[in-house]
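Everything below concerns the one structure shown next.
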């Protein structure tokens with residue numbers, strides 16, 4: 001099986017995908033976009049579940065950001081869900097999370113889902129597919145239904161409910177919202193755009209035991225930036241080596257001692273001086289007959 005190391009411009013959106021050389025490029029692009037979008041959905045939903053477990057549902061829009069002190073001078077009821085047990089310092093959530101046992105289920109399910117789609121899977125050489133992403137979305141759906149059966153007391157504008165009902169806002173304001181449309185997306189490898197009417201075999205050969213670094217890029221964006229010739233760890237090691245050499249050179253320059261130049265043996269004219277009397281004093285003794 002061919003392993004595609006799929007990347008975007010952001011490193012944290014990287015994942016491994018398994019396919020074959022016989023696969024049509026167009027079908028591969030569609031699958032990759034689906035996995036990419038589901039992976040982002042898992043991350044968004046996991047974040048929503050964590051916040052839901054901490055501080056409960058989202059407040060109505062007109063009461064968000066209003067603290068208890070400000071609520072004394074407004075008719076808006078910021079505690080419509082009841083007296084907060086875990087107040088949100090930012091004033092965006094009700095502060096009424098589900099019971100602790102249920103909140104633990106939400107947090108644990110969210111953490112498991114995040115780990116299942118983490119970018120760390122690349123270093124572990126573990127691939128990701130559509131089924132795995134959907135499984136964790138379903139698990140988080142079940143956890144929310146345990147906390148709020150039938151979405152009871154979970155408002156329609158709460159991000160967790162919007163994600164589960166596929167009504168989330170995807171305006172691209174964050175990395176988690178940068179979804180891809182396979183009709184408007186190209187797959188690039190080795191600086192070449194792979195044509196959707198061809199197979200991978202026409203580009204990478206017949207060897208199934210192949211791993212390539214491929215990039216998904218919108219058609220309107222042009223060619224993505226090519227991968228560096230050396231990997232990140234090698235680059236860090238090289239920079240560390242050159243930095244140490246630079247520091248050693250600085251120390252040698254700072255510790256340079258030229259006091260030896262004042263010594264007699266370092267005087268370039270010492271030989272001449274000794275010959276013409278500039279060295280040790282010459283004593284003249286009177287000779288007798």
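Some observations on this one:
- When each of 126, 8 is scored by the number of other beta-carbon atoms lying within 10 Å, the sequence from fewest to most is 126, 8.
- Centroid-to-centroid separation of the range 21-56 and the range 105-167 [C-alpha atoms, Å]: 10
- By average C-beta atoms within 10 angstrom, highest first, the peptides 127-134, 90-97: 90-97, 127-134
- Per-peptide packing, taken as the mean over residues of other Cβ atoms within 10 Å, places 20-30, 188-198 in the sequence 20-30, 188-198 from highest down.
- Virtual spin-label span in nm between residue 174 and residue 152, 7 Å along Cα→Cβ: 3.0
- Neighbour counts of other Cβ atoms within 10 Å put 7, 41 in the fewest-to-most order 7, 41.
- Fewest-first sequence of 6, 35, 213 by Cβ atoms within 10 Å of each Cβ: 213, 35, 6
- Put simply, when 181-187, 108-114 are sorted by average Cβ atoms within 10 angstrom per residue, most first, you get 108-114, 181-187.
- At full extension, residue 23 and residue 166 could sit 48.5 nm farther apart than now, given 0.36 nm per residue minus the alpha carbon distance.
Readers should treat all values here as calculations from the given coordinates under stated rules, not as data from a laboratory. Values in this document were obtained by computation on a predicted structure and should not be read as measured data. Note that each Cβ is placed from the backbone with ideal geometry, even for glycine, and that neighbours are counted across all protein chains shown.
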